[in-house]
């Protein structure tokens, strides 16, 4: 009897090999070596939680930060799963702390970046030279848009003046345009912000003066790390929406398949959540395609 059982088993196995079982046949059609992998063989599969940020925490305010919902960044989760083999990247959002019964837009995006910029908000004392004459001015910079680089405020010496909307800080260069109240007198000044945050090597012109010197004698700028704005939609995936429940919670999921990428390489991505404006921006995450 045992010999008969062994013989039956051998015959069954031989039949599978010769005729092709659907399970074995499916496996043979997915050669692991030839498949584009979203995560390389050397990196074990696994899910990673990627932090969320309020938009105003990583991007200039304004225009970002105007629609942020405090606490939604820490209450919500973003889970990235990048298994090995012929697979897709699974992206899951578990959202909490949002407005109830509200539609939000999910924007799969490229990685965002930051720059270091000079923040000049504060009180300054400026010295303008005119021939052998010295003319000191007090300046108060009350606001600065770190995205557009424009700053505003007021100042005075013997007259009050306003900082015009053409005034900007670009890199290490400050462009200061002054409009004296009650007159047609305008100063256009350009200077350099040195490594200590002081204004040096300034040059100014006006209605009746040209190529004169100016610099700061008090006040200083401070370096600030600022997001460079929206990084652009990842072309492999369209935007989509989800709606929260009565508790302000909701979830969503999307997959990025191998064909969604331009080819082998390392891709830096992020996810943005919008409602009227951006409210949440994820940390960047890396996808490796072999």
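The values are calculated or read from the model by the stated rules, or taken from the named source; none is laboratory data. Given the structure is predicted, the values throughout are model-derived calculations rather than measurements. Ideal geometry is used to build each Cβ from the backbone, glycine not excepted, and the neighbour counts take in all protein chains shown.
Taking the criterion of being within 24 Å of the chain's Cα centre (by Cα) and in a strand (DSSP E or B), the residues of region 130-148 that qualify are 143, 144. Listed by first and then second residue, the pairs linking a residue in region 137-165 that is in contact (Cβ under 8 Å) with a residue 60 or more places away in the chain to a residue that is assigned to a loop (DSSP other than H, G, I, E, B) and surrounded by 18 or more Cβ atoms within 10 Å (Cβ to Cβ), with Cβ atoms under 6 Å apart and 6 or more places separating them unless they lie on different chains, are 146/60; 147/60. For residue 190, indicate whether it is under 21 Å from residue 47 (Cα atoms), assigned to a strand (DSSP E or B) and free of Cβ contacts under 8 Å to residues at least 24 places away in the same chain. In short, no. Considering region 84-102, the residues that are closer than 15 Å to residue 287 by Cα and in a loop (DSSP other than H, G, I, E, B) include one that is modelled with the lowest pLDDT, namely 86. Being over 16 Å from the mean Cα position of the chain (by Cα), more than 20 Å from residue 269 (Cα to Cα) and free of Cβ contacts under 8 Å to residues at least 60 places away in the same chain is the filter; apply it to region 46-73 and report the residue that is surrounded by the fewest Cβ atoms within 10 Å (Cβ to Cβ). This residue is 70. Among the residues examined, residue 203 qualifies as in a strand (DSSP E or B) and either under 24 Å from the mean Cα position of the chain (by Cα) or more than 23 Å from residue 113 (Cβ to Cβ) (or both).
Hey, does region 106-129 have a residue that's on the phi > 0 side of the Ramachandran plot, in contact (Cβ under 8 Å) with a residue 60 or more places away in the chain and not in a loop (DSSP other than H, G, I, E, B)? Yes, region 106-129 has at least one match.
Cβ-Cβ contacts under 8 Å between residues 6 or more apart (or on different chains), taken from a first residue in region 236-247 that is within 14 Å of residue 260 (Cβ to Cβ) and assigned by TED's automatic domain parsing to the domain that holds residue 105 to a second residue that is part of a loop (DSSP other than H, G, I, E, B) and at pLDDT below 95, are listed as 236/261.
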